[in-house]
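A short worksheet on the structure shown next.
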Amino acid sequence: MNKDNVVQNIVTPPIAEQQPQVLELHSDRRIDKFFWMRDLENPKVTAYLEAENAYTAAMMQHTETLQTQIYNEMLARIKETDLSVPFPKDEYYYYSRTEEGKAYAIHCRKKGSLDAAEEVLIDENELAAGHDFFELGVFEVSPNHQILAYSVDTSGSEQYTLCFLDLTTHQLYPETIAETYFSFAWGNDNKTGFYTTIDDANRPDKLLKHTLGTSPDKDVLIYEETDDIYHLYVGKTRSQSYIMMLLQSSITTEVHYLDANSPQGDFQIIHPRTTGVEYDVEHHSDYFYIVTNDKATNFKLVKTPVATPSQENWQTIIPHREDVLLLGVSLFANHLVIYERKGGLQTARVQNLSTGEENNISFPEPTYEFDEGNNPEFNTIILRFHYTSLITPQSVFDYNMETNQRELKKQTEVLGGYDKTQYQSEWLMATATDGTKIPISIVYKQGINKDGKNPLLLTGYGAYGSSYPASFSSTRLTLLDRGVVFAIAHIRGGEEMGRKWYEEGKFLQKKNTFTDFIACAEYLIAKNWTASDRLVITGGSAGGLLMGAVMNMRPDLFKAVVANVPFVDVVTTILDTSLPLSAMEWEEWGNPNDKVYYDYMKSYSPYDNVEAKNYPDLLITAGLNDSRVKYWEPAKWTAKLREIKTDNHLLLLKTNMGAGHSGASGRYESLRELAFEDAFILDRLGLGNNLSK
């Protein structure tokens, strides 16, 4: 009898009460015995979650020394007192810093030069005092640098309270605005602010205009979006010339603009929403530059006069290409930066707007992540960008767009003597069931043998066109240094290989996401990277759906599974439009009110497909205040698995009772959560007694 069975004989797993609820649609009856868990007012719900937490703690008690060891390792690699690279805006340099022992950032600036005296704008540690959770949303300084608009969430529910701080006196304005979302823009008069509020489903649906120093009761409603599938955001062009209102569903965009010098004016539309047409707008001089998929699957770049921006005036600058995905553009006074993805990897090129000359920004590693940094200045020749890979820590570069020279401003320091030459990353290709080649990014410590005996952690996401970043993580060294190989399956549903890659992993082709992941796992086993009894998989949110689906399809393929805030009750959730995101999800998964989509979604929904069979060891996490994946989805899934599965493998549910979708907010508590998960993984792999690296 193994240690799990011994402990289980002492500690009995919670057995959830059953209250069958009949759910009927399209002449199909589903019986949900745990539907009652949606009612948080019912004390039995909290009691069940707390019982599961107690059981999880008991079953993981033997790993507490390991958890502490891992936490200390992770913490020892972090430079606790550190400074971000300051970025210039007009005559100021803005930056943030951290201090040892403090969980949150301190936001500061200096005037005139980096040698000037420091001015602390806000200290998140002070704002977070007395709260179990804290997250900063909006952080926008007025054009004259005298007022700071910022917002805070102290529950994890993504409902922010907006505040205004006078940076001359460092006194707060009397007004605060509750239940806002995390977008905001200043008018150029330095007293008018545009912000968004949320509806009962946590959807940003209204744009309002606030005048500094007045009661929010007097705020003017500018726009209300009544279509549940659209979210509303507000922002400002880098040129500081226009306030932009973005109305966005999963597949359709509509943008309105307002002269920032005339904040009392009216917004004008660029192009009315057309189902399936997405577009993103940048401003330069007398033109708007627009990246759009209108008759261009992989997107194209057009420009149009500001005075007459409607579609009939769009002029193509970069045409559609079958083999290159246009990710976006960034405009400066004399330069156009073009971000693309080709062959699965990100690229960038810089065009001089005066001469038309172009230079490429290239990178040497086989797999990496690259994104634009903080570039608020329009009149500059310096482009800041971030670069990282599976073996290269986060690096901040300033790139001179005139000379094509780059300067490394900072690489995140990994304490303890990290040597990247001791690790190796590769770009592999598995073959899916339909013959499609699926990329895999993989990293490991030098010296491993491909003998089929390596422990391996495989992850993926595969939804919303979101490409999984092949980025560095100092916390991942805990696993790599113990011989665990780490791999990312770049499966369909993401956008690594172009827009078509996304479209082949959604709607009625969603199962490609799951079969691609299984194909990657089988490839890694066939090529002797690992074996099924050494293979652990992990994913969160829609990646948690992935975990549930592949676990139902091929439970024999995996030793253990970690499913973070998993979206697993697909049909029931997407049918309930009172929940955040549900209506918007129709454009990703399909509308289950249509029987064709209902039947297809039900056929892979993890909760609806739990069967009486053996499953791998499983750790499930949840956040009580999660507004994206409600706590009851992982809770119900746990309860149903406990009732039906036929094995004695470990099944744990860990609910953070004071956080939301992203888990704990402070950096120290976040590390403790990671240490817990790594301890679970190492313990399941039989490496739990290896306390030293």
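Structural remarks
- With respect to the conditions (1) in contact with a Ser or Thr (Cβ under 9 Å, 6 or more places away or on another chain); (2) buried (at least 21 other Cβ atoms within 10 Å of the Cβ), LEU575 falls short on a single one, namely (2).
- Strands (runs of 3 or more DSSP E) wholly inside the range 162-232 that include at least 1 residues being within 27 Å of ASP123 (Cβ to Cβ) and in contact with a Gly (Cβ under 9 Å, 6 or more places away or on another chain): 177-186, 192-198, 204-211
- Residue pairs meeting the criteria (Cβ under 6 Å; at least 6 apart or on separate chains; first without any contact (Cβ under 8 Å) to a residue 40 or more places away in the chain, in the range 628-648; second β-branched (Val, Ile, Thr)): LEU641/VAL610; ILE644/VAL610
- Inter-residue pairs, beta-carbon under 8 Å, first of a type in the set (Val, Ile, Thr) and in the range 50-68, second surrounded by fewer than 15 Cβ atoms within 10 Å (Cβ to Cβ), 6+ apart: THR65/LEU691
- Of the listed requirements (1) hydroxyl-bearing (Ser, Thr, Tyr); (2) under 23 Å from the mean Cα position of the chain (by Cα); (3) surrounded by fewer than 21 Cβ atoms within 10 Å (Cβ to Cβ), TYR598 misses just one: (2).
- Residue count for the range 650-671, restricted to those that are crowded, with 18+ Cβ neighbours inside 10 Å and touching a helix residue (DSSP H, G or I) at 6+ places or on another chain (Cβ under 9 Å): 14
- The listed residues are ASN614, ASN552, ASN564, ASN593, and the only one of them that is over 23 Å from the mean Cα position of the chain (by Cα) and either under 23 Å from MET37 (Cβ atoms) or surrounded by 24 or more Cβ atoms within 10 Å (Cβ to Cβ) (or both) turns out to be ASN552.
Every residue, every condition in (1) outside the structural domain of ALA583 (by TED's automatic domain parsing); (2) more than 30 Å from the chain's Cα centre (by Cα); (3) without any contact (Cβ under 8 Å) to a residue 12 or more places away in the chain, yes or no:
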| position | (1), (2), (3) |
| --- | --- |
| SER183 | yes, no, no |
| THR192 | yes, yes, no |
| TYR195 | yes, no, no |
| ILE198 | yes, no, no |
| ASN202 | yes, no, no |
| LYS209 | yes, no, no |
| LEU212 | yes, yes, no |
| LYS218 | yes, yes, yes |
| THR226 | yes, no, no |
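- For the range 290-333, the set of residues classified as over 23 Å from the mean Cα position of the chain (by Cα), among the hydroxyl-bearing types (Ser, Thr, Tyr) and surrounded by fewer than 20 Cβ atoms within 10 Å (Cβ to Cβ) consists of THR297, THR308, SER310, THR316, listed by residue number.
- Among the residues making up the range 588-600, those that are in contact with a Phe, Trp or Tyr (Cβ under 9 Å, 6 or more places away or on another chain) and touching a residue at least 60 places away in the same chain (Cβ under 8 Å) are GLU588, TRP589, GLY590, PRO592, ASN593, TYR597, TYR600.
- Qualifying residue in the range 15-32 (condition: in contact (Cβ under 8 Å) with a residue 24 or more places away in the chain, assigned by TED's automatic domain parsing to the domain that holds MET657 and under 28 Å from ASP683 (Cβ atoms)): yes
- Screening GLU365 on (1) outside any strand (DSSP E or B); (2) closer than 19 Å to TRP501 by Cβ; (3) not aromatic (Phe, Trp, Tyr) shows it passes everything except condition (2).
- Flag if ALA519 is in the same structural domain as SER670 (by TED's automatic domain parsing) and either farther than 26 Å from VAL570 by Cα or touching a Phe, Trp or Tyr at 6+ places or on another chain (Cβ under 7 Å) (or both): no
- Matching residues, the range 398-418, being of a type in the set (A, V, I, L, M, F, W, C), surrounded by 13 or more Cβ atoms within 10 Å (Cβ to Cβ) and out of contact with any Leu (no Cβ under 6 Å at 6 or more places or on another chain): VAL414
- Yes/no for VAL85 being under 30 Å from SER241 (Cβ atoms), aliphatic (A, V, I, L, M) and part of a loop (DSSP other than H, G, I, E, B): yes
- Of all residues in the range 334-349, those satisfying the criterion of being outside any loop (DSSP other than H, G, I, E, B) and either touching a Leu at 6+ places or on another chain (Cβ under 8 Å) or surrounded by fewer than 17 Cβ atoms within 10 Å (Cβ to Cβ) (or both) are HIS335, LEU336, VAL337, ILE338, TYR339, GLU340, ARG341, LYS342, GLN346, ARG349.
- Among residues of the range 350-408, those that are closer than 16 Å to GLU340 by Cα and of a type in the set (Phe, Trp, Tyr), counted: 5
- Looking only at the range 37-53, and only at residues there that are more than 29 Å from the chain's Cα centre (by Cα) and over 20 Å from GLN21 (Cα atoms), the one that is surrounded by the fewest Cβ atoms within 10 Å (Cβ to Cβ): ALA47
- Members of the range 305-325 found to be assigned to a helix (DSSP H, G or I) and of a type in the set (S, T, N, Q), listed by number: GLN311, ASN313
- Options TYR104, TYR71: the member that is touching a residue at least 40 places away in the same chain (Cβ under 8 Å), more than 30 Å from GLY688 (Cβ to Cβ) and not in a strand (DSSP E or B): TYR104
The values are calculated or read from the model by the stated rules, or taken from the named source; none is laboratory data. Treat the numbers as computed from the prediction; the structure is a model and nothing was measured. All Cβ positions, glycine included, derive from the backbone under ideal geometry; neighbour counts span all protein chains shown.
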